[in-house]
Every structure is written in C-alpha cells, then in structure tokens.
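Notes follow the structure.
Rule-based calculations on the coordinates, nothing more; no lab input. Small disclaimer: the values here were computed from a predicted structure and weren't measured. Ideal geometry is used to build each Cβ from the backbone, glycine not excepted, and the neighbour counts take in all protein chains shown.
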Amino acid sequence: MSVTPSARVLGEPRDLIAAIPHLLGFHPHDSLVLVCVKHRQTVASLRIDLPPARHRQAHAVQALDMARGQDVDGILLFVIGGGVWVSSASELPHSGLIEVMKQTATSMGMRTILAVWAESTQAGARWHGYDSPDWTGTVRDPSTTALAAATVAAGLVTFTSREELAAQLAPVADEIIARRAVLLDHSPAWRPSGPAASAAFRSVRDAVAAGSDRRHPLEDGEVVELARALFDPSVRDACVSFAFGPRAETAERLWLELTRGCPTSVRANPTVLLALSAYIRGDGALASLALDHALSAEPRHRLGTLLRTSVDGGLPDRIVAFFHDSSIAETERLLKSPGEQDTRGQIHR
C-alpha cells in the first residue's frame, strides 16, 4: 500500500486517469487506486495491488480507514489493468472488488463519487465506468496535463512503473556493503552521551551542509561515521529538522546515499529519515517504499513504525507539526554546551 498527499482540482475521467501517475509518482499496473476528495479537490491518493476475492473485504477496510481519517466528502475508485474488457461481456474486470469497496464505503459513511476501469494510465488507453460500461472514452496524454507541468516544476519525477521507482533504493555493490560492514564491526562500541551525541550531530550537519558542493560518493569511512552518528536516537531525531529547512534537498540526497550504501544493520535510521523527507515534500510513493526498506532492515524500529502508521493514515498536519517541533527541540538540545544539556524534546526512545 502507498499513500500520496495531493491537492488537485477534479476533472473528467480522462483527465483524472491521466493525473494518477503524477499523484502516485509512477504509472500503476494491475492496481486499485483510491482518491479521496474534499471540496472538489483531491486530498490524498492510495494504491494497492489488486487482491484475490477472499481478501477483498480486508483490503477494503484497510484502504477506507485511511480515507475516513482524511474527513473526506467522497472517494473515487480506479481499477488500472488487471484484465481485459470484452465488449460482449457483462462485467468489467474486478467488478466484484468495486462492489465490496462501495458497500464498505457506504457502511463507513462515505460516498463513492466515481468508479472506473482503465486498461492503463497511458495516453489513448480505453476506460469504462463500472456503473455504466457504455460510458467510455480514452485517457488523455498524462505528459500534457497541468499536473504534469506542476510535478516537473516541483522537482518530482514520474516513473514508468513502481519497479523503476524502487530501483532508486537498490543497495550499492555487495562488495562495498561488505567492506563497510567490516569497518563497522571494528569500530569502537557506541556509548551515547551528551558530548558524544553533540559531536555526532555536528558531523551529520556538516555532511548535509557540504552536500550541495560534493561531487563524489561518500568514502567508506564517511558512511560508517555517519551511520554510527545516526544510530544515536537523539541524533536521528534532531536530523528530522532538516526536512523542514533550506537544506531539505541536500539532506534527502544524503539519506538516499546512506540508504543505498549502509550495511543492513544500520540502514533503518537514514532510510526512515529519507521516508519522512520524501513525504513532507509530497512524494508519498518514495516515502512508502523507503519505509518498506527501513522496516525490512529493522522490523521493530520505533520511529519507522510510528511513521508507517502516520503515512498510511495520511499524516495529518498535527503529526507533521509534532515531528517539526520535536526535532527542533532536539537540535537545540544537542547544540548546547554539554553542561547545559537536558532530555527534553526527544521524539521517542
């Protein structure tokens, strides 16, 4: 499941389907896409794999719980692919799933505004309405929409598939990871303390500051040093603040490089920071994939679990404000002189 924040004006089905790749960050295949609507604008979008019949109800409840949390006026349902419509057939592909989604939405007090099947989200693909298969048309070219222009202007990339998006997070070569794991194993035991944590945070802050001018990959020793610094929860919590400041872009590039270059044992912390940074700038697809990677590396990662729950629920403004305020407080604490430090403002332990 992936949830993406958005705020786009509604249009005709041909335009709505063309908008889906830019809302999600990629062209979905064999997917159910749910778009939440409030005041005639989309406020969030969610994609799930098309479930088998026995799992439809469970997936419907999980997906619509997110929509209910957004306090929406209604929902739009799109099945992308998952079969071929034959003009002589009486049903569109996955009509049973749509019925379950609609019935579940009604039971939760939500209105289904639109339900449509489309061959794909590519230009010229045919679409049909579930309530009336004779209501049909073709998908507008997604690259010519106003949303496509806005996506480019915001620095976001729309990938041809979720797999292409996921390739961004692929680890570097095995031999590089193995080399760094050896260095990590031979590093002194990490005993976080006030002065040590302050110095560790400053090393990460300096790496973020240098990121805009750096033209070469991090060296093995640099990756290990930064990974060890982020292993301290107070340092990691303070680094959340970079997602809200002028260095958000360079910080996110650093988290991505560490996600790809860290040994598995220390990968979760930079990957969670990558997820939060991506989500705050509007890239929910990357955020969701990063969280998958983080929780695969460390299933009980507390901040990752908290963020997973928040992202799947649409990450309300109050949660974003909490992350912001807590990280700023932790940054200020770490930058005090050691004798003045206290334990206020930490996101969690």
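For region 20-150, give the magnitude of the charge dipole about the Cα centre (Cβ charges: +1 Lys/Arg, -1 Asp/Glu; no others), in debye to the nearest 20. Mind showing how you got there, number by number?
Values: 10 positive and 11 negative charges, 47 e Å.
My answer is approximately 220 debye.
How many Å³ per residue does the convex hull of the Cα positions in region 262-308 occupy?
Dividing the Cα hull volume of region 262-308 by its residue count gives 55 Å³.
Using only Cα atoms and rounding to the nearest 10 degrees, what angle (0 to 90) does helix 174-185 make with the longest principal axis of the chain?
Taking the Cα atoms of the chain, the angle to 174-185 is about 40 degrees.
Suppose we keep just the DSSP beta bridges with both residues in the chain; what percent of those would be antiparallel, to 5? Walk me through the intermediate numbers first.
Values: 27 of 34 bridges.
Given both bridge residues lie in the chain, the antiparallel proportion sits at roughly 80 percent.
D for the chain, whole µm²/s, Stokes-Einstein with Kirkwood Rh over alpha-carbon pairs at 25 °C and 0.890 mPa s: what number? Display every interim value, and only then the final one.
Details: Rh = 21.6 Å.
Rounded to a whole number, D works out at 114 µm²/s.
Kirkwood-based Rg over Rh for region 116-215 (C-alpha set), two decimals? List each step's numbers first, then the result.
Numbers: Rg = 24.2 Å, Rh = 19.4 Å.
Value, to two decimals: 1.25.
Hey, in the GNM for the chain with a 10 angstrom Cα cutoff, which one of ILE176, ILE17, ILE75 fluctuates hardest?
Among ILE176, ILE17, ILE75, the largest mean-square fluctuation in the Gaussian network model of the chain belongs to ILE176.
Compute the helix-to-body angle for 248-261: its Cα long axis versus the longest principal axis of the chain, expressed 0 to 90° and rounded to tens.
Roughly 80 degrees between the two axes.
Under the rule a/c < 1.5 gives rounded, and otherwise a/b versus b/c splits prolate from oblate, where does region 15-133 land using the Cα gyration tensor?
Numbers: a/c = 1.60, a/b = 1.22, b/c = 1.32.
It is oblate, given that a/c is not under 1.5 and a/b is not larger than b/c.
Report D for region 169-277 in µm² per second (integer): Stokes-Einstein, Kirkwood Rh on Cα pairs, 20 °C, 1.002 mPa s.
On the way: Rh = 13.8 Å.
Roughly 155 µm²/s, to the nearest whole number.
Could you tell me how many degrees, from 0 to 90 and to the nearest 10, lie between the Cα long axis of helix 284-297 and the main elongation axis, the longest principal axis, of the Cα atoms of the chain?
50 degrees
Give me the net charge of SER187's neighbourhood, meaning all other residues with Cβ under 10 Å from the Cβ of SER187; Lys, Arg count +1, Asp, Glu -1.
On the way: positive: ARG228; negative: ASP185, GLU225.
Residues close to SER187 contribute a combined charge of -1.
Can you tell me the dipole magnitude for the chain around its Cα centre, using point charges on the Cβ only (Lys, Arg +1; Asp, Glu -1), in Debye to the nearest 20?
Values: 35 positive and 39 negative charges, 109 e Å.
In total the dipole reaches around 520 debye.
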